[in-house]
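The values are calculated or read from the model by the stated rules, or taken from the named source; none is laboratory data. Treat the numbers as computed from the prediction; the structure is a model and nothing was measured. Don't worry about glycine lacking a Cβ; one is built from the backbone with ideal geometry, like all the others, and counts go over all protein chains shown. The area values use the complete protein model at the heavy-atom level, side chains included, leaving out ligands, DNA and RNA. Shrake-Rupley method; radii C 1.70, N 1.55, O 1.52, S 1.80 Å.
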Amino acid sequence: MNTSLAVLSYLSRHQDQYVSGQKLASEFGVSRTAIWKAIENLRDEGHLIDAVTNRGYSLLQQESLFDKEKLEALLPQVSIHLFDTIDSTNRYAKQLASEGCSTPTLVLAHSQSGGRGRLGRDFSSPKGGIYLSLILAPPSSVLLASLITSAAAVATARAIEEVCSISCGIKWVNDLFLAGRKVGGILTEGVMNVESGTLSSIVVGIGINFSTPQQAYPSALRPIVTSLYGKSSLVPKDVEASSLVAHLVAALIGYATSLGDRAFLPEYRSRSIVLGKQILINHHRKQRKAVAIAIDEEAHLVVETEDGNQEILSSGEVSIGLDA
Ligand code: BTN
C-alpha cells in the first residue's frame, strides 16, 4: 500500500473535515509517524494540507486565485493568457513574443512545473503562488532595458503594500523580502530579432508566494521563504490575487513607458534591505565582504570592500547574514 496515496484519497473523501493522525494510522494499520511522513510527502507534492493541534489534518480546496473577467476589466489594454498549470510562464511568453504578439501581453499561471529563476536556477512554483510574465515592447536602449527589473521590483513591492497592507522590502537586485524571508523574485529576459540583431521585446517574469502554505515548498527552501498568507492558508476575503496582479501590472506598464525618468528609483532605494548593511558578494563561488553604500542612477549597487575601495556591482548576488 502507498500510504501517501491512501491518506490523500481518505482526506479528499472527507474534505472540509479534520481527521486525526491516530484515526488515519488505525484506518491504514500504520504508525502515526508513517502518517506524518505521508502528509509531508503530499505537501512536498503541492497538496494543501492544514494541521491543527488536537483536531488533525484537513485537505484544503485549491480554488482558482484568479478571475479572468475581473482581470480583463481591470487591465483593458492587456491581452491575458491564464493557465492552471504550465511549465514556465516566461518560456511561454518568450514563445508568444517571438511569434510577434501584441504588447502588453500577460501570461499568468496558478503553478509551474518548470519555473525558472535567476542564474539558471529552478524556481519552486507550487499552487497558491502567483506566477506571471509580462511581455513589453523594448525600451529605446539596452541601458534602459536593464532598469526594468528594478522597476518591476518596486511595482511588485508597492502592489503588495497597497493591496495586502504588508510592508515589503527589496533585496538588491530583484528579490522581494518580508520579515527577513524571500516572498518573491523577478527574472527578466529579452527576445531578440535575429535579423536586425536588436531586442524585439522584454519578458518580465514575477513569482509571488501568495497563499502558499510553507509545507508546499521543498524542505530545503522552507527556512528561507515565506508567503503573504501562507500561515493561515486563508486569504482575507477582501484581498484578491487579481487585484494584486492588476496593481502591479498597471504600475509596471507605467514605469516601462518612461524608464528614462527613473521615477521608481527613490522607492527602489528606500525599500532596499541591503543599503548601509554588511554584505557578502557572491561571485564565481567566491565570497567577499563589503558594505552596501548606495544605489546609483543605473540601479547598480555601490559597495565599499574590506580594502576600502569602492566597486559598482551591476548584477550578481549579494547576501546579508550574521557572518557578512
Ligand atoms: C529568482 O528569484 O531567481 C527569479 C524568479 C522568477 C520566477 C518567475 S515565476 C514567473 C516567471 N516564470 C518563470 O519561469 N520564472 C518567472
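Among the residues that make up region 123-130, is at least one of them farther than 22 Å from Tyr217 by Cα and of a type outside the set (S, T, N, Q)? Write out each step before concluding.
First, pick out the residues of region 123-130 that are farther than 22 Å from Tyr217 by Cα: none.
For region 123-130, residues farther than 22 Å from Tyr217 by Cα and of a type outside the set (S, T, N, Q): absent.
Those residues that are touching a residue at least 40 places away in the same chain (Cβ under 8 Å) and either within 11 Å of the ligand (Cβ to nearest atom) or β-branched (Val, Ile, Thr) (or both), I need them from region 187-202; list them, please.
Narrowing region 187-202 to residues touching a residue at least 40 places away in the same chain (Cβ under 8 Å): 187-191, 198-202.
Answer for region 187-202, where residues must be touching a residue at least 40 places away in the same chain (Cβ under 8 Å) and either within 11 Å of the ligand (Cβ to nearest atom) or β-branched (Val, Ile, Thr) (or both): Leu187, Thr188, Glu189, Val191, Thr198, Ile202.
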| query | What single numbered condition from (1) modelled with pLDDT of 90 or more; (2) open to solvent by less than 70 Å² (accessible area, probe 1.4 Å) fails to hold for Gln22? | reply | (2)
| query | In region 258-267, is there at least one residue being in contact (Cβ under 8 Å) with a residue 60 or more places away in the chain, farther than 21 Å from Phe177 by Cβ, acidic (Asp, Glu) and not in a strand (DSSP E or B)? | reply | no
| Which one is nearest to the ligand (Cβ to nearest atom) among residues in region 131-146 that are at pLDDT below 95 and either surrounded by 20 or more Cβ atoms within 10 Å (Cβ to Cβ) or in a loop (DSSP other than H, G, I, E, B) (or both)? | Ser146
| Could you count how many residues in region 278-324 are modelled with pLDDT under 90, farther than 15 Å from Trp172 by Cα and loosely packed, with under 13 Cβ neighbours inside 10 Å? | 5
| Failed condition for Gly128, given (1) within 15 Å of the ligand (Cβ to nearest atom); (2) modelled with pLDDT of 95 or more; (3) in contact with a Ser or Thr (Cβ under 6 Å, 6 or more places away or on another chain), with all others met? | (2)
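Which of the residues spanning region 281-319 are touching a Gly at 6+ places or on another chain (Cβ under 8 Å) and among the acidic types (Asp, Glu)? Explain how you work it out, then say what you get.
Initially, region 281-319 is screened for residues touching a Gly at 6+ places or on another chain (Cβ under 8 Å), giving 281-283, 291-293.
Selection gives nothing.
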| Of the residues that sit in region 53-91 and are under 17 Å from Leu136 (Cβ atoms), open to solvent by less than 50 Å² (accessible area, probe 1.4 Å) and free of Cβ contacts under 8 Å to residues at least 60 places away in the same chain, which one is nearest to the ligand (Cβ to nearest atom)? | Ile80
| task | Would you check if there is a residue in region 214-235 being modelled with pLDDT of 90 or more, aromatic (Phe, Trp, Tyr) and assigned to a loop (DSSP other than H, G, I, E, B)? | result | no
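I need the full set of residues from region 203-212 which are closer than 17 Å to Leu228 by Cβ and either open to solvent by 40 Å² or more (accessible area, probe 1.4 Å) or within 14 Å of the ligand (Cβ to nearest atom) (or both), in order please. Working first, answer last.
Initially, region 203-212 is screened for residues closer than 17 Å to Leu228 by Cβ, giving 206-212.
If the condition is that a residue be closer than 17 Å to Leu228 by Cβ and either open to solvent by 40 Å² or more (accessible area, probe 1.4 Å) or within 14 Å of the ligand (Cβ to nearest atom) (or both), then Ile206, Gly207, Ile208, Asn209, Phe210, Thr212 are the ones that fit.
Return the residues of region 295-310 that are assigned to a strand (DSSP E or B) and under 25 Å from the mean Cα position of the chain (by Cα); say none if nothing qualifies.
Going residue by residue through region 295-310, those that are assigned to a strand (DSSP E or B) are 295, 301-305, 310.
Those that are assigned to a strand (DSSP E or B) and under 25 Å from the mean Cα position of the chain (by Cα): Ile295, Leu301.
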| request: Give the residues of region 92-125 that are within 13 Å of the ligand (Cβ to nearest atom), open to solvent by 50 Å² or more (accessible area, probe 1.4 Å) and in contact with a helix residue (DSSP H, G or I) (Cβ under 9 Å, 6 or more places away or on another chain), sorted by residue number. | output: Arg116
